[in-house]
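The values are calculated or read from the model by the stated rules, or taken from the named source; none is laboratory data. No experiment lies behind these values; they were computed from the predicted model shown. Cβ sites come from the backbone with ideal geometry, for glycine too, and all protein chains shown count toward neighbours.
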Amino acid sequence: MDIITDGSSCVDGSGAGLIIMNPKGIEFTYALRFRFNATNNKAEYEALIAGLRIASQIRIQNLEANVDSKLVANQVNRIYIAKESSMVRYLEKVKNLANTFKGFSIKQIPRGENKKADALSKIASTSFAHLSKQVLAKELAVVKEKGHTWMTPVYEYLTKGVLPEEKKKARTVRRKAGRYAVISEVLYKKYFLAPWLRCVGPLQANYVLREIHKGSCNMHAGPRSVVAKSLRLGYFWPTMHTDARNLIRESKDCQEPRRGDQGTSGGKNKNWVEEVSHVLWAHRTMIKSSNGETPFSLTYKTEAVIPAKIGMPTLKTVEVDVAKNNEALGISLDLLEEKREKVVIQDARSKAKMEGYYNTRVRSTSFRPGDFVYQNNEASHAKDGGKLGPKWEGPYEVTEALGK
């Protein structure tokens, strides 16, 4: 398996371009934008590291890396000696990732043979404000926790067997540990309805919530919907409801719009046309109470992936087998018709249930000739009395009963 990488750094930002080619000649291309500052050499190393991680996740055994950076290729091949502390750390990371493959080699290629990866890196590093709306680009966020978090006691117990000194806390950690597991140095929690959930700390949780609520997904939904979306995407932390509620309270766009903001979304400075894509995303990826499915899953028989799952991959993303993925998607599409038919039946049941509930609360009223009735003034507008005017007008005598 071959991989071609290239990094780019400019005034607008930095990014990476990756091309992975399987033995059949099929190419998988990636354009990754970094949310941190990086020099050209650092961007080259970041591109190589990202490529090695992807190759490792799809379980490639033998890998040949091609880069156009002479510095990176010669440092990895031990021809050059890394002197700067940052380069030393990058080199150590590359060596650790390279050891996960049965066979690994890296070589420098001329820039003329690296035009595709170079173009991808240039697209990713350029400011998104200058990109055409037809260009699809992903932002790669590096969100790392600092210091002690709620995961630390459980993680240390599962990896090192270390418990807190206080007996009560130690007993609590030992009891909780049965529901957790460490996979590839990442803490996961058992989930009743799906595979393992990736545990995240406060900074990572804030990133996931903002990505769902007001990032590229832009749901602007309630706390329960945001939490449900987080669980379906494969993330967990113990204060999910509280954090989601606080985030929504802080969001100005979710508060009641002021007078004069009619015809816009979230304020007078936003054009409603720009919000259509976000509204459609929310509609297509939210679970419908009538059938328990999302419109996206009824179209593709799989759930949408948000950018957060690229920067912080869950176990489902890490364990994906790219070689079998296309075949699995084809099988899912073949079985999609059956799922849609079940959803139609479920929708009919839901509507019948709602109709029955409504009918039990409706009070049947019948009139006979000679009865006197009043008519709602809001419906007839017979009298314009203003806010303090009468709500009813009449009486009228019923001359003929027409039935329902």
Answer yes or no as to whether Arg175 is modelled with pLDDT of 90 or more, more than 23 Å from Phe296 (Cα to Cα) and either among the charged types (D, E, K, R) or in contact with an Asp or Glu (Cβ under 7 Å, 6 or more places away or on another chain) (or both). yes
Restricting the first residue to the range 292-304 and requiring it to be free of Cβ contacts under 8 Å to residues at least 24 places away in the same chain, which pairs with a second residue that is exposed (fewer than 14 other Cβ atoms within 10 Å of the Cβ) and assigned to a helix (DSSP H, G or I) meet a Cβ separation below 7 Å and a spacing of at least six or different chains? Pro295/His283
Would you confirm whether any residue within the range 301-308 is in contact with a strand residue (DSSP E or B) (Cβ under 6 Å, 6 or more places away or on another chain) and either in the same structural domain as Pro195 (by TED's automatic domain parsing) or modelled with pLDDT of 80 or more (or both)? yes
Which residue out of Tyr90, Tyr80 is within 21 Å of Ala117 (Cα to Cα), of a type outside the set (D, E, K, R) and in contact with a Leu (Cβ under 9 Å, 6 or more places away or on another chain)? Tyr90
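Consider Ala348 carefully, then state whether it is at pLDDT below 85 and not aromatic (Phe, Trp, Tyr).
So Ala348 fails the test.
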Checked Glu64, Glu44 against criteria (of a type in the set (Asp, Glu), within 13 Å of Asp2 (Cβ to Cβ), assigned by TED's automatic domain parsing to the domain that holds Asn99 and touching a strand residue (DSSP E or B) at 6+ places or on another chain (Cβ under 6 Å)); the one match is Glu64
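If you take the residues in the range 360-385 that are over 16 Å from Val398 (Cα atoms) and outside any loop (DSSP other than H, G, I, E, B), which one is modelled with the highest pLDDT?
That would be Thr360.
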Are there any pairs with C-beta distances below 8 angstrom linking a residue in the range 140-164 that is within 25 Å of Arg53 (Cα to Cα) and modelled with pLDDT under 90 to a residue that is of a type in the set (Val, Ile, Thr) and in a helix (DSSP H, G or I), with the two at least 6 apart or on different chains, and if so which? Leu140/Ile310
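Every residue, every condition in (1) in the same structural domain as Gly15 (by TED's automatic domain parsing); (2) at pLDDT 90 or above; (3) of a type in the set (Gly, Ala, Ser), yes or no:
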{"position": "Asp68", "(1), (2), (3)": "yes, no, no"}
{"position": "Ile79", "(1), (2), (3)": "yes, yes, no"}
{"position": "Lys95", "(1), (2), (3)": "yes, yes, no"}
{"position": "Ser105", "(1), (2), (3)": "yes, yes, yes"}
{"position": "Ile109", "(1), (2), (3)": "yes, no, no"}
{"position": "Glu113", "(1), (2), (3)": "yes, no, no"}
{"position": "Lys116", "(1), (2), (3)": "yes, no, no"}
{"position": "Ala119", "(1), (2), (3)": "yes, no, yes"}
{"position": "Ala129", "(1), (2), (3)": "yes, no, yes"}
Being in contact (Cβ under 8 Å) with a residue 60 or more places away in the chain and basic (Lys, Arg) is the filter here, so list the residues in the range 165-186 that pass it. none
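Every residue, every condition in (1) buried (at least 19 other Cβ atoms within 10 Å of the Cβ); (2) more than 21 Å from Ala38 (Cα to Cα); (3) in contact with a strand residue (DSSP E or B) (Cβ under 6 Å, 6 or more places away or on another chain); (4) modelled with pLDDT under 90, yes or no:
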| residue | (1), (2), (3), (4) |
| --- | --- |
| Ile60 | yes, yes, no, yes |
| Gln75 | yes, no, no, no |
| Arg89 | no, no, no, no |
| Thr126 | yes, no, no, yes |
| Ser132 | no, yes, no, yes |
Just checking, does the range 326-336 include any residue being at pLDDT 85 or above, surrounded by 11 or more Cβ atoms within 10 Å (Cβ to Cβ) and either farther than 30 Å from Ile58 by Cα or not assigned by TED's automatic domain parsing to the domain that holds Pro395 (or both)? no
